[in-house]
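The values are calculated or read from the model by the stated rules, or taken from the named source; none is laboratory data. Computed from a predicted model, the values in this text were never measured in an experiment. Ideal geometry is used to build each Cβ from the backbone, glycine not excepted, and the neighbour counts take in all protein chains shown. Keep in mind that these areas ignore ligands, DNA and RNA; they rest on the heavy atoms of the full protein, side chains included. Shrake-Rupley method; radii C 1.70, N 1.55, O 1.52, S 1.80 Å.
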Amino acid sequence: MRELMEEHVQLASVVQVLPQIFSVHEVFSHILQLLHGQHLLEAHVELMMVEQLRDDILSQLHLRGLSSAQATVLSYFSGLQDLNESLAKQLWDTVGSSLRLVREDPVLFVTAVRIIEREEKIDDTLLLEATFLPPGRPKGWRQKFYQVLQDTITGARFHTPRMDAEGPGLAKHLAALQKDIVSELRVVKDLMVQCVPAHYNILSVCTATYHQALTSHLQEILREDLDKQGLFLLLEWALRVYHSPEMMGHPDLLPEVDVSALDPLMSSELVDQTERRYVMKVKACVFEWMQRTLDVEFKEWFKEEEPETDHQGFFHSALPAIVMQMLNENIQVASLITDSLQQKIYSMALEELEAFLGRLREALVQCGKEHQQDRAVPKYYISHLLAVLNNNLALSNSVSSLHPDSACREVPASLQAALDRMQKKATQLLLEELLLDLQPLCLQLPSRKWLSGSQLVGSMCEVIDKYAKDFSRVRKPVFTLLLAESELLVANQYLRALLQRKMVCKSREERGQLCHRLLQDATQLRELFCSLGLDGSQQSLEAVFALRELICLKDPALLSLEVLGFITKYPDVSDEHISTLLDIRGDVSKEVRHVVLEMMAQHPQVLPEGYRPIFSTILVPVQELPFCLRKGKCA
């Protein structure tokens, strides 16, 4: 009786639902009409009823183990799949247009969210309670909602055709991204948030989606061969603009929108890599600009006019100002991005400046070679050399201002060495000019005519004074250097002439006459350089006075003591130099000469630090060895 009772109850249940089962296809048609009319809520209610009917039948069959009958039921309710897909398509189309709908017609969007939430509750209930999971469950429409929303965000802004990756095109693209993202997040914050349940965290989801999409998008852009302007724009936008009040820090988005908890838009490795790419691009431009500046400067040297002068009358050109402005602007621009980029550009600037000084020096050497072939070319050769020295001084004084840290003004050793080499080369070329004008006069001494009182040194003073007036067109530190080097050159040439073309005194009177001439010449030259501003204690002409004392010494027996004092003061004097001086005296015996040279051997000298060599560059003629046979033809 109990079994019959159960069968009767089941049969009654079946009879009760038969009208619903027979009306399923009619309901299908009605649901389809509702969907076409966008009556989504009503369509979804009827769809849920049909699904419930199907699921109840399948559940009963499942409990009784009638699996073969389930296929028949599924076939009968197969239209549900198409209706679900049709409803889902409308839902995802609605979600895909959500940013527009929440502004224009939020009802449709709210309806879609309500349907999604209904389905989500059914999924949760079935997963927790049901022993039988109907086909198509769980639908996971809430997760699909997030996916569609994220795909809509990324597809609309970031899956666009390849834009112009150069500066102007990229700037326009980034500006559009900035404007659209702020506008859309404002819509999400002010409108969409009100249309969805709070647990959706819709604003955080959209913010993270935009952030991640931008991260990937910037990486795609960086795969392009961007120029320096494009790289700078990208770095500035990612590191400055993105977090500024103009974008994610916009007052309309705060405090709800917060990207500080998210990963950086560009990783530190990517930032460093991009900065290095930018530095290489800037380096290429700086090299090109500097080379153009050098080419213009080289042409200026050969013009038929003097270089420009400043308000104090010092020669100069625009080269230092152009170079320093170029480097400083790039360093200042880099400071707008990061300290690390500024430091990279600063290091690059110093390297390029050092390389530029090397090329400038080579150009100066080339100019000097052309001048050696024809001293009339360039016409204002000396003036331009003086301008080069002033320019070099200006660069030296300005280099420290490039450092990003105003408290750190130290010039790197390698760059300072390049500046020193540049100054040394220009100074050398000037001294070569002075030497060319002095040599014809130096060739005339020593001579009997000079010894009897010619105006030879007076003529030398006129040449020196002429050059000193030219040297006055350089600033004081360099002017003093030129005076000191000129004085050393004059002293060296005077001593060289005296030692290489030695004149042997034949009597005490002649020796006295030589001493008088040396005193007059050295005094005249010393007074000239003193009048030009070179202190007597800094002059190498003191060596002429000291040498004169050796020649004027009346008692040759005291020479060893005098020579000891002389080599102590001038440790670069060699045995050959002293031997030549003894020859000039004309009264030194072999014994005295041997004593003097032996004393020198016993007192070797070491050049002290900072000593300016005077004699070491002077080569004296090798004495001819005595030969026992008379000159004549062989027998």
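Okay, here's what the table says:
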quantity	calculated
Residue in the stretch 392-407 that is in contact with a strand residue (DSSP E or B) (Cβ under 8 Å, 6 or more places away or on another chain) and in contact (Cβ under 8 Å) with a residue 60 or more places away in the chain present	yes
Matching residues, the stretch 505-535, being in contact with a Ser or Thr (Cβ under 9 Å, 6 or more places away or on another chain), under 19 Å from Asp587 (Cβ atoms) and surrounded by fewer than 20 Cβ atoms within 10 Å (Cβ to Cβ)	Gln513
Selected residue [farther than 30 Å from Ile153 by Cα, polar (S, T, N, Q) and at pLDDT 75 or above] from Gln60, Gln33, Gln38, Gln81	Gln33
Within the stretch 77-96, tally of residues that are under 18 Å from Arg142 (Cβ atoms) and not β-branched (Val, Ile, Thr)	10
Selected residue (criterion: nearest to Val182 (Cα to Cα)) from residues of the stretch 259-274 that are open to solvent by 60 Å² or more (accessible area, probe 1.4 Å) and free of Cβ contacts under 8 Å to residues at least 24 places away in the same chain	Ser260
Condition check for Gln444: in a helix (DSSP H, G or I) and open to solvent by 20 Å² or more (accessible area, probe 1.4 Å)	no
Search result, residues across the stretch 549-573 that are surrounded by fewer than 19 Cβ atoms within 10 Å (Cβ to Cβ) and within 59 Å of the chain's Cα centre (by Cα)	Leu564, Gly565, Thr568, Lys569, Pro571, Asp572
Any hit, the stretch 210-227, residues being under 21 Å from Glu351 (Cβ atoms) and either in contact with a strand residue (DSSP E or B) (Cβ under 8 Å, 6 or more places away or on another chain) or outside any loop (DSSP other than H, G, I, E, B) (or both)	no
Count - residues of the stretch 210-237 that are of a type outside the set (Ser, Thr, Tyr) and within 21 Å of Gln150 (Cβ to Cβ)	9
Residue ID - farthest from Leu456 (Cα to Cα), chosen from residues in the stretch 392-440 that are assigned to a loop (DSSP other than H, G, I, E, B) and open to solvent by 60 Å² or more (accessible area, probe 1.4 Å)	Asp405
Complete set of residues in the stretch 449-462 that are surrounded by 17 or more Cβ atoms within 10 Å (Cβ to Cβ) and free of Cβ contacts under 8 Å to residues at least 12 places away in the same chain	none
Subset of the stretch 318-364 [open to solvent by 20 Å² or more (accessible area, probe 1.4 Å), in contact with a helix residue (DSSP H, G or I) (Cβ under 8 Å, 6 or more places away or on another chain) and not in a helix (DSSP H, G or I)]	Leu336, Thr338
Residue that is nearest to Met266 (Cα to Cα) [pool: residues in the stretch 204-227 that are open to solvent by 20 Å² or more (accessible area, probe 1.4 Å) and of a type in the set (A, V, I, L, M)]	Ala208
Qualifying positions in the stretch 326-371 - polar (S, T, N, Q) and under 16 Å from Glu297 (Cα atoms)	Gln366
Residue match in the stretch 463-482 (condition: part of a loop (DSSP other than H, G, I, E, B), at pLDDT 95 or above and open to solvent by less than 20 Å² (accessible area, probe 1.4 Å))	yes
Set Ala176, Ala198: member being free of Cβ contacts under 8 Å to residues at least 12 places away in the same chain and in contact with a Lys or Arg (Cβ under 9 Å, 6 or more places away or on another chain)	Ala176
Residue pairs meeting the criteria (Cβ under 7 Å; at least 6 apart or on separate chains; first touching a residue at least 40 places away in the same chain (Cβ under 8 Å) and within 24 Å of Leu386 (Cα to Cα), in the stretch 432-444; second assigned to a helix (DSSP H, G or I) and small (Gly, Ala, Ser))	Leu434/Ser486
Residue satisfying all of: in the stretch 302-315; surrounded by 17 or more Cβ atoms within 10 Å (Cβ to Cβ) and either at pLDDT below 95 or touching a Ser or Thr at 6+ places or on another chain (Cβ under 7 Å) (or both); farthest from Lys469 (Cα to Cα) among these	Pro307
Set Leu489, Leu498, Leu456: member being closer than 26 Å to Lys569 by Cβ and either at pLDDT below 95 or in contact with a Pro (Cβ under 6 Å, 6 or more places away or on another chain) (or both)	Leu498
Filter result for the condition that a residue is more than 27 Å from Asn330 (Cβ to Cβ), of a type outside the set (A, V, I, L, M, F, W, C) and open to solvent by 40 Å² or more (accessible area, probe 1.4 Å), over Asp252, Asp295	Asp252
Any hit, the stretch 314-336, residues being under 28 Å from Arg409 (Cβ atoms), touching a Leu at 6+ places or on another chain (Cβ under 9 Å) and hydroxyl-bearing (Ser, Thr, Tyr)	yes
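Yes/no matrix, rows are residues, columns are (1) small (Gly, Ala, Ser); (2) assigned to a loop (DSSP other than H, G, I, E, B):
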position	(1), (2)
Ala261	yes, yes
Asp272	no, no
Met280	no, no
Ala284	yes, no
Glu305	no, yes
